[in-house]
Every structure is written in C-alpha cells, then in structure tokens.
Amino acid sequence: MDAAAAANIFGHSPGLPALRARVRRFVDEQLIPHESAALAHGLDRLDALAGSLRAKARAAGVYAPQLPAALGGLALSWRDCAVVLEELGRSFLGPIAAHCAAPDQPNMICLQQLGTPAQQQRYLNPLVQGRLRSCFAMTEPAPGAGSDPAMLQTCAQRRGDQWLLDGKKWFISGAVDAAFAIVLARTGSGATLFIVDADNPGYRLVRNVPGIDSLQIGGHGEIALTGCAVGPDAVLGEVGQGWVYAQARLEPARIAHCMRFIGRAARAMEIAQEYVKTRQSFGQPLAALQQVQAMVADAHIDLHASRLMTWHVAALMDAGQPVKQESALAKVFVSEAVNRVADRAAQMMGALGMSQDTPVSLILRELRPFRIYDGASEVHRSALARRILQPGKPRP
C-alpha cells in the first residue's frame, strides 16, 4: 500500500508522506553514519553527540514531533507520530536527535499537562530546548515498587512548609547527569509526584546500573533520597493523585516505545534481507532456502500486525478515548513481536548476526528489555485477563 492510500484509510495527515521521506533521509544521511559500537555504554559520548544531532534535527524540520508548535514541535497527531517515530527509531540515535526519546518525551508531556506556569518556565522550557535532561523515578529495589506499584516505599512527609522525601529508586532511565527527577512518593493523601532538582543535598545518584541495553541516554541510575527537602512548589499536579498521573504518563509512553522499536526491528530485518540475497550457501543464495523465506515472511507478519495495533491505539488517543486495555494489548504483542523479528534477523545472518560488524546484534540487545520496561508482559497479561473476565464484559 502506498503512502497516499494509507493516509486515506488510517487518517494520517496529507503532508505525512513528505515528512516521512524527509525523516528517512535525515536518519540515513545524518544519523546512521554517526552510529558506533563505541557509543555503547559511553554515556558521556552519547550526551555530547546529542547536542549536535539535535541542531541538525531542527535544521531538517524533524525536531520534537510530539510537541505543540508553541513549544517548537511539529504538533503531530498520535497517528502521524506513529509513522514518524518508527522512521526515527530505525537508528539508535533517531529518538535522541529528534528529542522524542524516553524519559524526556513523556516527562515533557507530563509537565505540559500538569505543570504550573512557574514549573513550566523552570523545567519544561529548557527541557524542550535540550538544555537539560530529566528522569522519572518510580521503580524501587525490593521490597519496594516494581511490577506491583502498591509496594511503593519512598515516602514524603510534611514538615512545616516543606516536604521531606526518603527512599531509594533504581533502574531510573536517564538518571545519570539528569538536571531533575519527577519522583513518585507516598504521602498521607496517597501517592504524589514531586519535581526534585538533582543538586538537592538530599538527592544522590548512587551509580549507573549497567544493563543489556547500552544506548540509553543517561543510563539507568540508582538514586538515594535522604531527608530530601522540597517546597510546596515541587508538587506536580495535586497531592494524592500521583498514581493517576503516572498511569496517564505511562500509556502514551508505552505506545511511543512500540512506535520506535518497530522501526528498530524493521531495520534489523532490512539488513538481514540484503545479506541473504547475496550470501551463497549450498550452491544458492540463502534467500532461496524455504526456511529463510519463512523467517522473512513471519517477520513481516509480525511487523504489519504491530503497526496496525499501534496505529489503533494512536487513533484512540487522538479521539480522546481511554486506551488502558488497548495499550496493554499492543505493548505485550509489540514488545514480543519486535524481539522475534530481530532474533530472526540475527539467525538469518549466522555468525555475522552475532558480531558488531553490523547493528543487528546491538538491535537485538536493545529490544530485549522492552518485554520488561513499562510493565512486564506477565503483569499486563494478568491485568488484561482480570478486566476481560469481569462480569458483563463482551465476548471476544
């Protein structure tokens, strides 16, 4: 199906095909040449590169697709974002360059929706401009919150005109060298979001937690909060509404991950397809072998289904509809499908697919955590089944 036909069927904007082509050129010409195995786990190098790439993204007109024009973004609908974020996601550097990578992307949306004018001036505007980075601190070491958010241990107690935060957070994406964190903590009125500056004396970055994914800007930090004093102006939104806000933040964050990682998996398959067309084995190209053909077909089935599920959730979000059920369905399916696609790509390429001579092995490592991040597949399946099995729910 060509781009114009897809626009008519799926409600994409008329200008999307031209924008998509511009994004693909930007990725191919300006980003992929900068990819390097040396960037893996090289947080300082990745941070330094981000600034120059964002300047190029602005010049190319592909910066901040998810943000309104008033903030310097492209003001795209979620349906258009699905296509653009997939194209950007083909490169490890695409979401970073266009400033639509987690955790800053969902944090910008959160601050835009909940922040006071003063909070937006202090945090949102420089975040949008790429002058600082942020993180979202929810996950905790045992016995704290992980898959079960009700186990939240970090607490915030009111002392006069201040709040004192105490607790530990870890696997906090983007925490290394972040200027501030949005911290979820328990209060007497329920969970609450607080904006905490990283230079607060009670806030300490303990370490970067090394992970299988190696190109997360800002790594995955462990944070200690000890008598961390913040004023009432640090509360983001209303006291006691933290769980509501966190869920509202996570649903678009999950689907944006799906968009980006579909692009990453598709690129792995592109590379593998070119390889099997030229690699000779048993007297013929690998592409002539039926088992290889089956892997290619199955990969395209997974990619197509992933796109359709993601576009459906995007359309619901554009319509202002709740997406708790649909985003969970998509997150489970897409997180597992893109892993299958990348795994097939690596298998098709044999030893080369295990090496760092192509991006495929790195793509495979980058995609694996998505089955855990933003809610493990098992947790989503359990929640989905409980909702589905409620009395009065329609049949499949």
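Observations, loosely collected:
- When the criteria are applied in full, A18 fails the requirement of being exposed (fewer than 13 other Cβ atoms within 10 Å of the Cβ), among the small types (G, A, S) and at pLDDT below 95.
- Filter pass, F171 being more than 15 Å from A101 (Cβ to Cβ), part of a strand (DSSP E or B) and under 17 Å from the mean Cα position of the chain (by Cα): yes
- The set of residues in the range 210-242 that are more than 17 Å from R133 (Cα to Cα), modelled with pLDDT of 95 or more and either charged (D, E, K, R) or within 18 Å of the chain's Cα centre (by Cα) (or both) comprises D233, E238.
- Sole residue being acidic (D, E) and closer than 29 Å to V244 by Cβ, chosen from E326, E366: E326
- Single match in A328, A299, A314, A345 (criterion: at negative phi, in contact with a Phe, Trp or Tyr (Cβ under 8 Å, 6 or more places away or on another chain) and in contact (Cβ under 8 Å) with a residue 24 or more places away in the chain): A314
- Filter pass, A345 being more than 18 Å from the chain's Cα centre (by Cα), surrounded by 13 or more Cβ atoms within 10 Å (Cβ to Cβ) and farther than 22 Å from L85 by Cα: no
- Residue selected from the range 176-204 under the condition among the charged types (D, E, K, R) and not in a loop (DSSP other than H, G, I, E, B), by the criterion nearest to L127 (Cα to Cα): D197
- Looking at the range 41-142, the helices (runs of 4 or more DSSP H) lying wholly inside it that each contain 1 or more residues that are more than 25 Å from G375 (Cβ to Cβ) and either among the small types (G, A, S) or touching a strand residue (DSSP E or B) at 6+ places or on another chain (Cβ under 9 Å) (or both) sit at 43-60, 94-97.
- The condition of being within 13 Å of A268 (Cβ to Cβ), in contact with a helix residue (DSSP H, G or I) (Cβ under 6 Å, 6 or more places away or on another chain) and at pLDDT 95 or above holds for only one of V323, V334, V313, V341, that being V341.
- The requirement of being modelled with pLDDT under 95 and among the polar types (S, T, N, Q) is fulfilled somewhere in the range 66-73, by at least one residue.
- Yes/no for A319 being closer than 19 Å to A246 by Cβ and either outside the structural domain of C81 (by TED's automatic domain parsing) or not β-branched (V, I, T) (or both): no
The values are calculated or read from the model by the stated rules, or taken from the named source; none is laboratory data. Remember, it's a predicted structure, so these values are computed and weren't measured experimentally. So basically every Cβ, Gly included, is an ideal-geometry build from the backbone, and we count neighbours across all protein chains shown.
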